[in-house]
Amino acid sequence: MEHGSLQDPSRATFSFVDEDHTLANAVRFTLNQDPRVSFCGYSIPHPSDARVNIRVQTTGDPAREVLKDGCQNLMLMCHHVRSTFDKAVGDYRTNTTEMEND
Amino acid sequence: MSKQENKENKKFSIWDLPDVPMGQLPPHLQLQRTRVVCKADAPIHTDTVLYSGAYASMGIDNSLHLDSFRSNFKVEVIRLTKDDMEFDMIGIDAAIANAFRRILISELPTMAIEKVLIANNTSLIQDEVLSHRLGLIPINADPRLFEYLSANDTPNEKNTIVFKLHVHCKPGEPRCTVYSEELKWLPNGSEFIKESEKVDTKPSTYTSFSCSQNSLQNFSSNPISPTEDKIIIAKLGPGQEIELEAHAVKGMGKTHAKWSPVATAWYRMLPEVVLLEEVEDEIAEELKKKCPVKVFDIEDIGKGKKRATVARPRACTLCRECIRGGEEWEKRVALRRVKDHFIFTIESTGAMPPEVLFTEAVKILEDKCERVITELS
């Protein structure tokens, strides 16, 4: 869900249901690393309901697009983490079996 | 007059000054950015600098580029066993490393006993305590092969695993212990007959399996059981008996810790121990003796002189014992942590191997991002 002003799409608050610090903090990180973002922060209004509000203010680009790019970036990073990790585990396995064979 | 005018007209840029560091931060800022410094009373510079323009005034871009992330990110596996692993994750921010850790603990599904039908329990241990103990037993079944059981679903072969426990301590015999190995998997579902009002209806059980789980996937070669055989469930005195059926369903750690696939998953930042000055002779001996985890060694530098060296910084627990005992020690040793180097440890409960758990956790974070993207477009 998005709460933004109609006149100025460069600032908006997004409300994610069923999410917590796990996603919000990671997205805040990627957004703050984006040069188009002038402010980004998140809050959990009440600990009993599973909801986070993410505030995005940009230097001009639509906040919605910037948030989308932030998520896209995070996804690509995860993808890279996964492939690197799988490779590292594979390397470790081949090394240890070689050592056992020696 | 004309000379002054000339000066003003001349284009002047602050970047032309000789003492402006181009392309790199001054050392003290670089230290703040990349290290947590542990002082005797408290650590400082613990936060990471998030904002992309934080160092814009120095001509340094603090934004994240996917290409540079790809070239800098590294994973090194230190230890990998059946149910525990340790690896180094280098070149990633705490925000993302923490997301992985949180997902590992609370958002990866596993199977755990949720419903216990007790036919008979004459043991000392109460029904509810017994049920709770059963719930916490990790089960060796791949949760990816199962579906969630929602409130209106009938338990079937796709969402429920049924175990039977029937133990009896014969009168006159010594007390016996009930171990988790006594939980027998029932691939055909519940064997307890539901009581019904109508007499002529076909007797039904508490589950409605359409086929045996034995025929599904590869359970026949790898039968479902608790991951450990020797978990104590209860103790029976002579003449006591427990007869029950336990139904395991799929769930997540955020609902109840019994569904958490890890005993623990944690990370710590790589410790960095730096000797700020040469530490020699008696002081070197004293330094070596101060450290309870033997971070320091002593080497001979000839002429009967000895010098302290940092031999095993990774063992450092940051107990700060080495910088206690006055300001002079704080001047000799610096304890730091590398902010983007995480020593990640995963201890699995045994349902899934730790390396699979981690890849699944990363996949879940990817799915979360994807969900947001589809919702926004």
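Taken over segment B:141-158, residues that are open to solvent by 50 Å² or more (accessible area, probe 1.4 Å), at pLDDT 90 or above and not in a helix (DSSP H, G or I) amount to 3. Across segment B:57-92, the qualifying residues are those that are outside any strand (DSSP E or B) and among the acidic types (Asp, Glu), and the one among them that is least open to solvent (accessible area, probe 1.4 Å) is B:Asp83. Which of the residues belonging to segment B:307-329 are out of contact with any strand residue (DSSP E or B) (no Cβ under 7 Å at 6 or more places or on another chain), on the phi < 0 side of the Ramachandran plot and open to solvent by 20 Å² or more (accessible area, probe 1.4 Å)? Matches in segment B:307-329: B:Arg312, B:Ala315, B:Thr317, B:Cys319, B:Glu321, B:Arg324, B:Glu327, B:Glu328. Assess whether B:Lys74 counts as being closer than 22 Å to B:Gln30 by Cβ and among the basic types (Lys, Arg). So B:Lys74 fits the description; yes.
Flag: B:Glu327 matches the condition of being out of contact with any helix residue (DSSP H, G or I) (no Cβ under 9 Å at 6 or more places or on another chain), acidic (Asp, Glu) and more than 11 Å from B:Leu108 (Cβ to Cβ).
How many residues, within segment B:94-132, are part of a strand (DSSP E or B) and closer than 20 Å to B:Pro226 by Cα?
Narrowing segment B:94-132 to residues part of a strand (DSSP E or B): B:109-121.
With closer than 20 Å to B:Pro226 by Cα added as a condition, the list becomes B:109-118.
Qualifying residue count for the region: 10.
Does B:Val356 count as within 14 Å of another protein chain (Cβ to nearest Cβ) and either within 30 Å of B:Asn140 (Cα to Cα) or at pLDDT below 90 (or both)? Can you show your working first?
Numbers: within 14 Å of another protein chain (Cβ to nearest Cβ): yes; either within 30 Å of B:Asn140 (Cα to Cα) or at pLDDT below 90 (or both): yes.
When the stated conditions are applied, B:Val356 passes them.
Against the conditions (1) open to solvent by less than 50 Å² (accessible area, probe 1.4 Å); (2) more than 14 Å from every other protein chain (Cβ to nearest Cβ); (3) without any contact (Cβ under 8 Å) to a residue 40 or more places away in the chain; (4) of a type in the set (A, V, I, L, M, F, W, C), B:Ala54 satisfies every one except (2). Scanning segment B:57-96 for residues that are in contact with an Asp or Glu (Cβ under 9 Å, 6 or more places away or on another chain) and not aromatic (Phe, Trp, Tyr) yields a total of 20. The listed residues are B:Ala95, B:Ala99, and the only one of them that is within 14 Å of another protein chain (Cβ to nearest Cβ), crowded, with 17+ Cβ neighbours inside 10 Å, within 27 Å of the chain's Cα centre (by Cα) and modelled with pLDDT of 95 or more turns out to be B:Ala99.
Any residue at all in segment B:54-73 that's at pLDDT 90 or above and touching a strand residue (DSSP E or B) at 6+ places or on another chain (Cβ under 9 Å)? Yes: one or more hits. Counting only strands (runs of 3 or more DSSP E) that fall entirely inside segment B:183-264 and contain at least 3 residues that are of a type in the set (A, V, I, L, M, F, W, C) and open to solvent by less than 40 Å² (accessible area, probe 1.4 Å), the qualifying elements are B:232-236, B:241-252. Regarding segment A:68-79, can at least one residue be identified that is farther than 16 Å from B:Glu370 by Cα and either surrounded by 19 or more Cβ atoms within 10 Å (Cβ to Cβ) or more than 9 Å from every other protein chain (Cβ to nearest Cβ) (or both)? Checking segment A:68-79: not a single residue is farther than 16 Å from B:Glu370 by Cα and either surrounded by 19 or more Cβ atoms within 10 Å (Cβ to Cβ) or more than 9 Å from every other protein chain (Cβ to nearest Cβ) (or both).
Can you name every residue in segment B:34-43 that is part of a strand (DSSP E or B) and either open to solvent by less than 50 Å² (accessible area, probe 1.4 Å) or over 18 Å from B:Phe342 (Cα atoms) (or both)? Steps first, please.
Of segment B:34-43, the ones part of a strand (DSSP E or B) are B:35-38, B:43.
If the condition is that a residue be part of a strand (DSSP E or B) and either open to solvent by less than 50 Å² (accessible area, probe 1.4 Å) or over 18 Å from B:Phe342 (Cα atoms) (or both), then B:Val36, B:Val37, B:Cys38 are the ones that fit.
The numbered conditions (1) of a type outside the set (Asp, Glu); (2) part of a helix (DSSP H, G or I); (3) over 17 Å from B:Leu376 (Cα atoms); (4) within 7 Å of another protein chain (Cβ to nearest Cβ) are all true for A:Met99 except (4). If the condition is being surrounded by fewer than 21 Cβ atoms within 10 Å (Cβ to Cβ), part of a strand (DSSP E or B) and within 9 Å of chain B (Cβ to nearest Cβ), then segment A:9-33 contributes only A:Phe16.
Condition check: surrounded by fewer than 22 Cβ atoms within 10 Å (Cβ to Cβ), in contact with a helix residue (DSSP H, G or I) (Cβ under 9 Å, 6 or more places away or on another chain), within 10 Å of chain B (Cβ to nearest Cβ) and over 21 Å from B:Ser106 (Cα atoms). Does A:Arg36 satisfy that?
Values: surrounded by fewer than 22 Cβ atoms within 10 Å (Cβ to Cβ): yes; in contact with a helix residue (DSSP H, G or I) (Cβ under 9 Å, 6 or more places away or on another chain): yes; within 10 Å of chain B (Cβ to nearest Cβ): yes; over 21 Å from B:Ser106 (Cα atoms): yes.
Criteria met by A:Arg36.
Under 6 Å by Cβ, and 6 or more places apart or on different chains, what pairs join a residue from segment B:274-298 that is farther than 23 Å from B:Lys39 by Cβ with one that is part of a strand (DSSP E or B)? Every condition considered, the pairs that remain are B:Glu280/B:Arg307; B:Asp281/B:Lys306; B:Asp297/B:Thr309; B:Ile298/B:Lys306; B:Ile298/B:Ala308. For segment B:302-323, check the following and say yes or no: at least one residue is among the small types (Gly, Ala, Ser), more than 14 Å from chain A (Cβ to nearest Cβ) and part of a helix (DSSP H, G or I). So far as segment B:302-323 goes, yes, one or more of its residues are among the small types (Gly, Ala, Ser), more than 14 Å from chain A (Cβ to nearest Cβ) and part of a helix (DSSP H, G or I).
One residue is enough: does segment B:165-173 have a residue meeting the conditions surrounded by 13 or more Cβ atoms within 10 Å (Cβ to Cβ), away from chain A (no Cβ under 14 Å) and in contact with a Leu (Cβ under 6 Å, 6 or more places away or on another chain)? Scanning segment B:165-173 turns up at least one residue that is surrounded by 13 or more Cβ atoms within 10 Å (Cβ to Cβ), away from chain A (no Cβ under 14 Å) and in contact with a Leu (Cβ under 6 Å, 6 or more places away or on another chain).
The values are calculated or read from the model by the stated rules, or taken from the named source; none is laboratory data. This is a predicted model, so every value here is computed, not measured. When we count neighbours, we look across all protein chains shown, and the Cβ atoms used for this are built from the backbone with ideal geometry, even at glycine. These accessible areas exclude ligands, DNA and RNA; they are computed on the full protein's heavy atoms, side chains included. Shrake-Rupley method; radii C 1.70, N 1.55, O 1.52, S 1.80 Å.
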